[in-house]
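Presented below is the structure to which this report refers.
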Amino acid sequence: MESLLQSLLGDNLLTVVLYCALPLVFILLYALLAILGEVKISAWMQDRLGPMRTGPWGIIQPIADVFKLLQKEDITPAKADKVLFNLAPFLSFMSAYAAFAVIPFSSQYVGADLNLGLFYLLAISSLNVAAIIMAGWASHNKYSLYGSMRAVAQIVSYEVPAAMVLVIIVMFVGSLNLQDIITAQSGPIWNWMVFGGPKQDVVLASGEVLSASWANLIFLPFFMASFVMYYIAGLAETNRTPFDIPEAESELVSGYHTEYSGMKFAMFFMSEYANMFLVSAVVAVLFFGGWNSPFGVYLGDAFGAPWLVAVEQFGWLAIKGLFFVFVMIWVRWTLPRLRVDQLMYMSWKVLIPFSFGIALVVGFLVVIL
Amino acid sequence: MSGYFKDIYAGISTALVGMRITWNHLFVKNVTIQYPDEKHDIPERVRNRLYVNMDDCIGCDQCAKACPVNCITIETAKALPEEELGETSTGNRKRLWVTQFDIDIAKCCFCGLCVPPCPTECIFMTPVFEFSEYNREDLIYRFSTLTPEEAAEKTENAERAKAEAEAKKAAAAEAKKKAAAEKAAAEKAAPSEQAGGAPAADAPAAAAKDTAPKQDDAPKQDDAPKQDDAPKQDDAPKQDDAPKQDDAPAADAASTTDNNG
Ligand code: SF4
Ligand code: SF4
């Protein structure tokens, strides 16, 4: 991909900027789709129609929403800490966007093919906590502060099981590189991590061989459980219902972004949606084969067109990611909000012991097999 | 310990039950009615916007008297003898010009009490329920078919006719009084004591008889509806209702109008 852009535009700054901006284009388009999906799916689940006025079946509604937000007055509260207040939404979106750098959209496109990809992902997505507490503190509003405190408590708690699940996968594959993790799952659907990982030897990009056999089926229950735990932790980290106590409308107005309006609110909104896709994409990469086709073959190979393979791979990742975004929306419109104590119970007394236990067992099995 | 695992099992299974329900509802037919495009069927005899068919209105004021919130204002002027107003579709003769017939629909409580007393059934509820206005003044519906100039002219005519009739009567009364006085004077002059008592008693009785028709001339200024024009008396039972509704809600109505002011 980079070489393609280089050949088209030459080796200059524009190429680099374009290369970096590709995920942004994707996030913007995806956000429009997700906003529409959110309103439409929630409406259908409640036997309503949702927006119907803007365009056929209301499909232009998200664009209208964007224009509405653009036109809105940008209010900074008089007593707010202006610098932090204005910086927070950008930091929030930045942290979400920076994480996209290591998401492999296809075998040909990954922003930064880091060896420490997963580690970077974990680190950079935690930056969101800083943005949230900045927003809550700088707003000079008790609801915002409460919301941000809850958000931080929640995200810090749920990062522990999430990190443990990542450790489980890293132990199995032996690499922190996301492309390696995806390569390990290449081939048909049964090679995906949720189904116990690869069933035959795989050669990683570094040249190392990941030896595997059908005995890996023994990992299936553990990886299945890890997937569920990671998804739950991901839901909590993106502050989505049922873990939306940081922005609990009924108690905290809107939590840490109570005081935000116009584009700054839109930035928080964008970062929430970007984070949703990020978590979904990571789930897809870790457990569902990333950009791998579930059939193990590509149309592009049959036609001898390598560019088509890349497009297909991107399509598969997008489909998997969007599916998990859909599940998030589905969960949101099904489950009620947890209490703070239930939230902490779930993280510290359920997810963390289970993830440690699974890590222990998987560690043993990896050594033995 | 077993409670702990039971809790986890319950947590997962109940979440899945909920998700199955919402999934099934994805495919349930929606219940939304796209309002301005689609509308609910309105029930029969629903009470919404009032309408008055002025062709049939005889200006009897019954509807205004029945209204508990006094939101109907009717002014009438008696037609001159040479003016022919025609008949209503129910066969009543129209004798009054309705110079003003305003319904303040903003005050109306849609009780429908104005509808049954109407002798010609010309005030009724329509199924129209969308009549919001930006301006409160626009919620006063003016049904009178006369232009303001016409209305002023008719009122003036009626007043002139009334004044003339009164003048005539006054003149007649004066003449009679004079005649009586002359007669009395003449009788006083005569030395008969007994005859004087009877004519003196006659004179006030005659005066009372003279003033009685005066009340018929001005039906709208009458307090007691019983003394009103003929059309009302067409309908015996309705007439019974009228005074009843007249007295009690009047006090309430006064307070409502105050609030609105
Ligand atoms: S419906 Fe009731 S409130 Fe409305 S005008 Fe008729 S009598 Fe008055
Ligand atoms: S009761 Fe009927 S006829 Fe009489 S004034 Fe009212 S609308 Fe006219």
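Bear in mind these aren't lab numbers, they're just calculated from the coordinates by the rules spelled out. These figures come from a predicted structure and were not determined experimentally. Please note: Cβ atoms are built from the backbone with ideal geometry, for glycine as well, and neighbour counts cover all protein chains shown.
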Under 5 Å, built H, 5+ apart or other chain: amide partners of residue B:60 | none
Under a GNM of chain A (C-alpha, springs under 10 Å), which listed residue has the highest mean-square fluctuation: A:148, A:211, A:157?
-> A:211
In sequence order, calculated HN-Hα J values of segment B:61-74 (Karplus, 6.51, -1.76, 1.60; Hz; x Gly/Pro) | 6, 5, 5, 5, 6, 6, 5, x, 10, 6, 9, 9, 10, 10
Choose one of B:80, A:43, A:27: the residue whose Cα lies farthest towards the positive end of the charge dipole of the protein assembly as shown (beta-carbon charges +1 Lys, Arg; -1 Asp, Glu; about the Cα centre).
-> A:27
Provide A:280, A:254 in ascending order of the number of other Cβ atoms located within 10 Å of each residue's Cβ, fewest first.
-> A:254, A:280
Gyration tensor verdict on segment A:1-132 (Cα atoms; rounded if a/c is under 1.5, prolate if a/b is larger than b/c, oblate otherwise) | oblate
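What does the charge dipole of the protein assembly as shown about its Cα centre add up to, to the nearest 20 debye, if the Cβ of each Lys and Arg holds +1 and the Cβ of each Asp and Glu holds -1?
Values: 49 positive and 70 negative charges, 428 e Å.
So the dipole magnitude of the protein assembly as shown works out to roughly 2060 debye.
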Taking springs between alpha-carbon atoms closer than 10 angstrom, which of A:202, A:350, A:167 fluctuates most in the Gaussian network model of chain A?
-> A:350
Search the structure for amide H atoms under 5 Å from the amide H of residue B:49, placed 1.01 Å from N in the peptide plane, and list their residues when 5 or more places away or on another chain.
-> B:126, B:128
Centroid-to-centroid separation of segment A:31-97 and segment B:12-81 [C-alpha atoms, Å] = 36 Å
In whole angstrom, how far apart do the alpha carbon centroids of segment B:96-125 and segment A:103-120 sit?
-> 78 Å
Expressed in angstrom and rounded, the centroid-to-centroid distance over alpha carbons for segment A:153-203 and segment A:258-288 is 22 Å
Long-range amide H partners of residue A:140 with built H, under 5 Å = A:81
Gaussian network model of chain A, springs between alpha carbon atoms under 10 Å - residue of A:277, A:67, A:288 with greatest fluctuation = A:67
Listing B:45, A:332 from the residue with the fewest other Cβ atoms within 10 Å to the one with the most, what is the order?
-> B:45, A:332
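What's the magnitude of the charge dipole for chain A around its Cα centre, counting Lys and Arg as +1 and Asp and Glu as -1 at the beta-carbon? Answer in Debye, nearest 20. Before the final figure, lay out each step's value.
Values: 17 positive and 23 negative charges, 168 e Å.
In total the dipole reaches around 800 debye.
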State which entries of B:65/B:94; A:79/A:142; B:94/B:168; B:168/B:188; B:94/B:154 exceed 23 angstrom in Cα-Cα distance in the structure shown.
-> B:94/B:168; B:168/B:188
Once the dipole of the protein assembly as shown is set up with Lys and Arg at +1 and Asp and Glu at -1 on Cβ about the Cα centre, which of A:120, A:316, A:219 lies farthest towards its positive end?
-> A:219
List every DSSP H helix in chain A whose Cα atoms extend 18 Å or more along the helix's own long axis and whose mean Kyte-Doolittle hydropathy is at least 0.0.
-> A:13-45, A:82-99, A:142-173, A:220-237, A:262-287, A:306-332, A:352-368
Lys/Arg Cβ at +1, Asp/Glu Cβ at -1, dipole of segment A:71-201 taken about the Cα centre: which of A:140, A:97, A:196 is farthest positive-ward?
-> A:140
Taking 7 Å along the Cα-to-C-beta vector as the label spot, tell me the residue A:228-residue A:57 distance in nanometres, rounded to one decimal.
-> 3.3 nm
